[in-house]
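The next block holds one structure in the form of structure tokens; read it before the comments.
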Amino acid sequence: MDADMYLPCQPYWLCRSLMYTFYVVMASAVMWLVILVIREYIRIKNRAKYVQARRKLHYKERHQLKSERVIKRARRPKRRR
């Protein structure tokens, strides 16, 4: 008993358009993945550079820098009564 593993697509124009669509989707997915990997690599590299620069500072200098970067919270507007 012969089993056909590959069944050809009958309307050739339909199969061709589906294959082109598949190629475009796969190419865009690969490009998106490459861009994502590059962005993460740059983020990790910048973070490592920041951490290494902080390690060179003395403990007191590190904490002085941290206290200068405190973000002040905005005050809530008062409610009318």
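The values are calculated or read from the model by the stated rules, or taken from the named source; none is laboratory data. Note that this is a predicted model, so its numbers are computed, not measured. All Cβ positions, even for glycine, are placed from backbone atoms using ideal geometry, and neighbour counts span all protein chains on display. Each accessible area value is taken on the protein alone, full model and side chains, heavy atoms only, with ligands, DNA and RNA left out. Shrake-Rupley method; radii C 1.70, N 1.55, O 1.52, S 1.80 Å.
Within the bounds of the range 7-24, is there any residue that is open to solvent by 90 Å² or more (accessible area, probe 1.4 Å), basic (K, R) and modelled with pLDDT of 85 or more? Yes, there is a match, as at least one residue in the range 7-24 is open to solvent by 90 Å² or more (accessible area, probe 1.4 Å), basic (K, R) and modelled with pLDDT of 85 or more.
Counting the residues of the range 52-64 that are part of a helix (DSSP H, G or I) and surrounded by 10 or more Cβ atoms within 10 Å (Cβ to Cβ) gives 5.
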